[in-house]
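What follows draws every value from the coordinates through simple rules; no lab data is involved. Computed from a predicted model, the values in this text were never measured in an experiment. So basically every Cβ, Gly included, is an ideal-geometry build from the backbone, and we count neighbours across all protein chains shown.
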Ligand code: GLA
């Protein structure tokens with residue numbers, strides 16, 4: 001390379017990280033360093049770069065020398081490359097596979113660079129907004145004639161770098177076009193990935209890498225609940241809380257792959273992007289360049305908490321856009337688990353009236369409001385209201401809500417149809433199917449092929465007209481099945497999923513433009529399409545159809561590895577829970593729901609007076625601390641296992657205020673005195689700690705009550721049953737358990753401040769904490785000086 005050194009080095013830096021690219025002597029673009037921030041000598045010193053890029057061993061034996069005469073030891077298989085391609089000695093999985101008229105040999109080399117990336121708003125795929133710096137590097141492959149542009153966007157404060165690849169139109173065919181390639185040095189690595197299913201989203205798998213390839217892939221149509229593109233790499237032996245960790249994600253909602261290939265000598269190649277299965281693209285006939293989805297990456301020395309801090313800030317500032325970015329979200333009451341399809345206008349009026357009384361801000365009418373929709377067998381694809389159920393229409397309901405001080409929201413599922421619906425009948429040619437064969441159903445419904453402009457325009461028009469037909473301020477956009485029967489006729493089969501996703505994004509973009517004031521919530525049977533692509537349009541997503549607070553611990557904690565709590569909604573539902581039949585207290589349900597976008601989803605017209613009082617208090621508490629709960633830094637704190645509890649906290653940026661939640665997994669016979677773990681709050685301040693008021697159910701004491709009740713009152717009889725609906729055990733025994741204490745910051749941070757001891761069979765007092773299995777207690781901690 002006869003370029004001066006300063007033209008061969010690209011040092012992308014964020015507040016805490018460095019990404020260093022280098023054009024080697026042959027013109028290949030190498031990533032010689034990605035990690036905590038480093039400073040390079042000025043002017044650049046080649047020796048420093050050589051030290052960083054040094055291969056672990058010199059090329060010998062069966063390695064292919066790229067150019068034996070010039071440097072017999074240089075092999076692409078040892079280089080840390082920005083694009084991995086086959087045919088010249090790199091035997092790791094490629095990130096790009098181009099077939100030219102001479103075959104599959106690719107060799108991309110440096111052509112030029114520019115410190116600017118422009119006009120991203122005009123492109124089909126969403127990108128993270130408001131980057132601080134950008135860079136693009138053009139490479140050319142002499143073998144196939146392919147030209148590619150690698151683009152980089154830098155987000156300084158969030159320590160995130162986004163990257164994609166633009167493949168120019170030309171006389172070749174793409175077989176694989178991943179968004180990024182990163183080769184890390186020799187170490188032992190572990191990958192954290194997620195897996196799940198309907199209702200059971202958000203499991204974390206930790207995979208110790210052995211030489212070979214570990215891939216996380218989905219091909220369900222949406223990004224899916226099976227795996228999330230969010231993946232994390234850590235070095236073995238490094239601690240989850242403090243170690244070196246790399247986080248990756250894609251701004252994409254279609255089938256993806258993330259590959260982690262450990263070489264026999266423990267170097268790691270990571271690449272990811274569009275799932276290459278069923279993918280190809282003829283670039284000769286392409287209308288324009290092919291642009292891959294944006295991939296995002298971060299690195300931190302602070303383990304999971306660092307990954308969370310970086311990705312949360314990044315999502316809140318650069319992914320979420322529009323009116324609800326960084327803004328309060330309304331506290332909603334949704335009727336789904338309260339009524340399912342069985343509601344009448346009268347019932348909805350009761351919901352709204354009660355909603356007003358309890359302090360709600362938004363009423364959401366879920367599935368079942370349109371013609372023929374009395375079950376999930378029919379109706380999808382109709383946009384007209386079912387006048388038998390709702391004689392005054394959606395407009396009438398929205399007005400009723402407004403009259404009672406509530407905003408009004410509605411459920412839709414526009415990408416799907418049931419047979420016999422208006423959309424199905426009028427746009428049958430856009431129902432996904434292989435000509436001549438019956439398409440397979442899922443939840444009795446079929447999918448629309450969103451690749452076509454005509455169906456896109458139809459949906460844009462239907463949805464915006466619906467929204468404007470009444471005072472609607474929220475839409476829950478559902479998507480309840482994966483794709484099948486993706487017949488393509490004569491059109492491009494190799495980019496079916498990509499084109500579907502691009503079509504979807506166009507609909508979303510246009511609908512958002514037409515309805516800028518509406519809050520959209522994504523949903524796909526819960527978390528079947530929870531990704532950064534969707535979040536570029538919908539600021540929040542229903543995380544799971546499982547609303548059980550204990551299951552939600554796992555689901556939300558896993559999501560929180562890469563997504564802030566302002567993106568996943570979480571509702572208080574009834575107990576026993578409909579999905580698990582597990583019983584939990586209202587306090588526990590509230591504690592988990594307030595750690596997401598908060599709402600309720602139960603029949604509020606049938607609450608006991610005690611539940612009503614509690615819900616009012618919960619809503620008031622949430623309103624008071626909404627900003628902290630939605631946008632404070634969420635962390636999970638590992639407690640001593642002896643407590644058998646999970647602990648989450650949100651902390652404000654000034655580190656002067658926090659809400660801490662403890663949830664019991666199983667009660668322990670040894671009565672513990674819980675210590676508040678160190679939260680790292682500002683030590684120069686004094687803090688007031690206030691716990692929630694305890695509401696124990698008198699019936700939970702069972703036959704123990706025999707020993708305290710007068711003889712004529714049965715512990716499991718009518719009187720106790722009735723009283724339990726109006727008073728908590730503490731109220732009946734006049735033992736108000738609500739801890740308040742003032743402590744200096746140093747003491748608080750020492751982790752030695754304790755809560756009341758838990759029930760240990762010694763009777764109840766105003767200092768007895770009663771949690772029981774799955775019980776919860778939460779604290780508000782605030783500096784008062
Ligand atoms: C999906 C959603 C639920 C609810 C139903 C309605 O399952 O995830 O929240 O809206 O559809 O049919």
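Expressed as a fraction of 2.2 N^0.38 Å, the value expected for a compact globular protein of N residues, the C-alpha radius of gyration of the stretch 539-585 is 1.15. The Cα-based radius of gyration and maximum Cα-Cα distance (Dmax) for the stretch 475-588 are 16.9, 57 Å. Modelled this way, with points 7 Å down the Cα-to-C-beta line, the labels at residue 38 and residue 582 are 4.6 nm from one another. Across the stretch 651-725, the volume of the C-alpha convex hull divided among the residues equals 155 Å³ per residue.
Extending 7 Å from the Cα toward the beta-carbon at both residue 206 and residue 239 defines two label points whose distance is 1.4 nm. Working note: Debye formula, equal point scatterers on the alpha-carbon atoms of the stretch 110-185, no solvent; log10 I(q)/I(0) at q = 0.12, 0.13, 0.17 Å⁻¹ is -0.38, -0.45, -0.76.
Structural size metrics of the stretch 227-292, computed from C-alpha coordinates, are Rg and Dmax of 16.0, 51 Å. Rounding to the nearest 10 and keeping the result within 0 to 90°, find how far the Cα-based axis of helix 393-403 lies from the longest principal axis of the chain. Tilt relative to the chain: about 60 degrees. Using the empirical formula 2.2 N^0.38 Å as the baseline, the Cα radius of gyration of the stretch 186-259 reaches a ratio of 1.14. Spatially, the stretch 610-655 and the stretch 1-23 are offset by 43 Å when compared through their Cα centroids.
Working note: Cα atoms of the stretch 619-751, range along each principal axis, descending, whole Å: 57, 34, 24. Translational diffusion of the stretch 277-401, estimated by Stokes-Einstein from the Kirkwood radius over alpha carbon pairs at 37 °C in a medium of 0.692 mPa s, is 170 µm² per second.
Using R₀ = 41 Å, calculate the FRET efficiency as 1/(1 + (r/R₀)^6) where r is the Cβ-Cβ separation of residue 115 and residue 468; round to 0.05.
0.40
Note that the stretch 365-414, at 25 °C in a medium of 0.890 mPa s, gets a Stokes-Einstein diffusion coefficient of 216 µm²/s from its Kirkwood radius over C-alpha pairs. Global size of the stretch 605-657: 15.3, 42 Å for Rg and Dmax (C-alpha atoms, Rg to one decimal, Dmax whole). Stokes-Einstein diffusion coefficient for the stretch 549-632 at 10 °C in a medium of 1.306 mPa s, Rh from the Kirkwood formula over Cα pairs: what value in µm²/s? D = 120 µm²/s. Based on the Kirkwood approach, the hydrodynamic radius assigned to the stretch 183-311 is 15.6 Å, with every pair of different Cα atoms included. Compactness of the stretch 28-95 was expressed as the Cα radius of gyration divided by 2.2 N^0.38 Å, which yields 1.23. Each of the peptides 375-386, 99-110 was scored by the mean count of other Cβ atoms within 10 Å over its residues; in descending order, highest first, they stand as 375-386, 99-110. In a solvent-free Debye calculation with one equal scatterer on each Cα, what is log10 I(q)/I(0) for the stretch 578-674 at q = 0.23 Å⁻¹, listed in the order of the q values? These q points yield log10 I(q)/I(0) values of -1.27.
Averaging Cα coordinates gives a centre for the stretch 722-785 and one for the stretch 526-547; these two points are 35 Å apart. Scoring 360-369, 718-727, 27-36 by mean Cβ neighbours within 10 Å over their residues and listing the highest first yields 360-369, 27-36, 718-727.
Panel note: the C-alpha atoms of the stretch 64-106, placed on their principal axes, show extents of 28, 22, 14 Å (largest first).
Taking only alpha carbon atoms, the stretch 413-460 gives an Rg to Rh ratio of 0.93, where Rh is the Kirkwood radius.
Per-peptide packing, taken as the mean over residues of other Cβ atoms within 10 Å, places 389-401, 168-180 in the sequence 168-180, 389-401 from highest down.
Once the cut-off is 13 Å, how many percent of the Cα-Cα pairs in the stretch 492-559 end up in the long-distance tail?
The share of Cα pairs beyond 13 Å in the stretch 492-559 comes to 70 percent.
The distance separating the Cα centre of the stretch 89-121 from that of the stretch 439-471 comes to 37 Å. Which of the three applies to the stretch 341-399, rounded, prolate or oblate, going by the alpha-carbon gyration tensor with a ≥ b ≥ c and a/c under 1.5 meaning rounded? Prolate is the answer for the stretch 341-399, as a/c is 1.5 or above and a/b outweighs b/c.
Going by a ≥ b ≥ c, the root eigenvalues of the Cα gyration tensor, does the stretch 634-685 fall in the rounded group (a/c under 1.5), the prolate group (a/b larger than b/c) or the oblate group?
Details: a/c = 3.22, a/b = 2.16, b/c = 1.49.
In terms of gyration-tensor shape, prolate.
Once the Cα atoms are used to define both axes, helix 609-631 deviates from the longest principal axis of the chain by about 30 degrees.
Output the direction-averaged projected area (hull surface divided by four) of the convex hull of the alpha-carbon atoms of the chain, in nm².
Averaged projected area of the chain's Cα convex hull equals 36.4 nm².
Compared with the dominant principal axis of the Cα atoms in the chain, helix 496-514 is inclined by about 60°.
Shown is the FRET efficiency for residue 277 and residue 711, computed with R0 = 56 Å from the Cβ-Cβ distance and rounded to the nearest 0.05: 0.15. All Cα-Cα distances of the stretch 337-491, cut into 5 Å bins from zero to the largest, leave 2, 9, 17, 21, 18, 13, 9, 6, 3, 2, 1, 0 percent in each bin in turn. If you wrap the Cα atoms of the stretch 301-345 in a convex hull and average its projected area over all directions, you get 5.8 nm². Just so you know, the averaged projected area of the alpha carbon convex hull for the stretch 1-158 sits at 10.9 nm².
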